[in-house]
1. Just one of Y65, Y77 is surrounded by 14 or more Cβ atoms within 10 Å (Cβ to Cβ), in contact with a strand residue (DSSP E or B) (Cβ under 7 Å, 6 or more places away or on another chain), in a helix (DSSP H, G or I) and free of Cβ contacts under 8 Å to residues at least 60 places away in the same chain; which is it?
2. Just to check your reading of the model, which residue among R194, R219 is open to solvent by 60 Å² or more (accessible area, probe 1.4 Å) and modelled with pLDDT of 95 or more?
3. What residue, of E244, E239, is of a type outside the set (A, V, I, L, M, F, W, C) and either under 24 Å from G202 (Cα atoms) or free of Cβ contacts under 8 Å to residues at least 12 places away in the same chain (or both)?
4. Only residues that are at pLDDT below 80 and either within 25 Å of I133 (Cβ to Cβ) or not in a loop (DSSP other than H, G, I, E, B) (or both): list them for region 147-173, please.
5. As an exercise: evaluate A115 against (1) buried (at least 20 other Cβ atoms within 10 Å of the Cβ); (2) touching a strand residue (DSSP E or B) at 6+ places or on another chain (Cβ under 8 Å); (3) modelled with pLDDT under 95 and give the number of the one condition it does not meet.
6. Could you list, in sequence order, all residues of region 174-191 that are outside any strand (DSSP E or B) and either farther than 29 Å from G138 by Cβ or at pLDDT below 90 (or both)?
7. What pairs come up if the first residue lies in region 158-184 and is in contact (Cβ under 8 Å) with a residue 60 or more places away in the chain and buried (at least 18 other Cβ atoms within 10 Å of the Cβ), the second is among the β-branched types (V, I, T) and in a strand (DSSP E or B), and their beta carbons are under 6 Å apart, counting only those six or more places apart or on different chains?
Amino acid sequence: MPSHIMLSYQWDDQALVKKIYDRLKDDGLPVWLDIEGGVKGNINDSMAAGVEEAVVICPFMSPAYQASRSCKKELNYADSREVSIVPVMLTNNWEASEWLGLITAGLLWVDFRNAEKGEEHFEMCLSSLEEEIMFNVGHLLAVEEPQGAVVDQPEPSKPRLKKKPGRGFRHALSKRYIHDSGEIIEPTVSSRNRVELSEKAGEHCYWLEIKGNGCKYYRNVVTNRYLGFDPSRNQAHSEVSPSEREEWLMLVDQTDQSHQRAVIVKNKHSGMFLAVQNGHFTGLTSYNEDCKWFLE
């Protein structure tokens, strides 16, 4: 049975990837790395076994990674086996293209572009990577208690990583969460529920991510209703069954420098960005800071 996280990288980035490997191991995650016992005997057999036993593979994307024949073989094999992929971006002002762009299209990458500027930046990037791994495959991983150094007065132990019930969306400026109220907007007109902004995160603020045809749907974990947006009313809502208004595109906000999981959420049907202005949802045709959300 698949059991580990596989780190796939080009040799130039070995030092950073080894540091990430060590930290993931310290936090109790089962990780596979070629230079840490992953390769035994024939290299091709070992790399194939690494992929076959992986529940998720993390490609550390850069121009050198894209140009590498070995990296291409690894990720193509993982893709052919339908292994979950959590991409990691290492390079500023660059986008994956060709075979790498094809495989990672539509996937939410984790931003490590400036991770080596300082330990604080690195820690935030690592936390984002762990969150994204747990969101995708947390239910398939055997997570151990985090390792800690033995000292005379130990610090409080870090809690074990756990898979959250879904994605939480916190607005970057207002700090409020997308919340399904469970209340019908207009009973005589439609069965739409009111989606509001909440100051506190709760169960109604978590949304399951469901892959659609060139889009994603977000179903509330409590009400089982799908997040939608009506541009004619400038109103967010939830529906029992998904339709065009409930189709979404979610992209990394590449302008963000906070090292948090910053995203842009765009309604596929209307082409509008989901934003918040003056405490209320609104749809914008072009991006500004009102469109930024943090995943939690």
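1. On the way: Y77 fails: in contact with a strand residue (DSSP E or B) (Cβ under 7 Å, 6 or more places away or on another chain).
Going through Y65, Y77 in turn, just one is surrounded by 14 or more Cβ atoms within 10 Å (Cβ to Cβ), in contact with a strand residue (DSSP E or B) (Cβ under 7 Å, 6 or more places away or on another chain), in a helix (DSSP H, G or I) and free of Cβ contacts under 8 Å to residues at least 60 places away in the same chain: Y65.
2. Going through R194, R219 in turn, just one is open to solvent by 60 Å² or more (accessible area, probe 1.4 Å) and modelled with pLDDT of 95 or more: R219.
3. Of the residues listed, the single one that is of a type outside the set (A, V, I, L, M, F, W, C) and either under 24 Å from G202 (Cα atoms) or free of Cβ contacts under 8 Å to residues at least 12 places away in the same chain (or both) is E239.
4. Q147, G148, A149, E155, P156, S157, K158, P159, R160
5. Failing condition for A115: (2).
6. I185, E186, P187, T188, V189, S190, S191
7. From region 158-184, the pairs are F169/I178; H171/V276.
Residue by residue, here is whether (1) open to solvent by less than 30 Å² (accessible area, probe 1.4 Å); (2) in contact with a Pro (Cβ under 8 Å, 6 or more places away or on another chain); (3) closer than 28 Å to K162 by Cα holds:
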position	(1), (2), (3)
L7	yes, no, yes
Q10	no, no, no
D26	no, yes, yes
D45	no, no, no
V51	yes, no, yes
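The values are calculated or read from the model by the stated rules, or taken from the named source; none is laboratory data. Remember, it's a predicted structure, so these values are computed and weren't measured experimentally. Positions of Cβ are generated from backbone atoms using ideal geometry, with glycine treated the same way; all protein chains shown enter the neighbour counts. Each accessible area value is taken on the protein alone, full model and side chains, heavy atoms only, with ligands, DNA and RNA left out. Shrake-Rupley method; radii C 1.70, N 1.55, O 1.52, S 1.80 Å.
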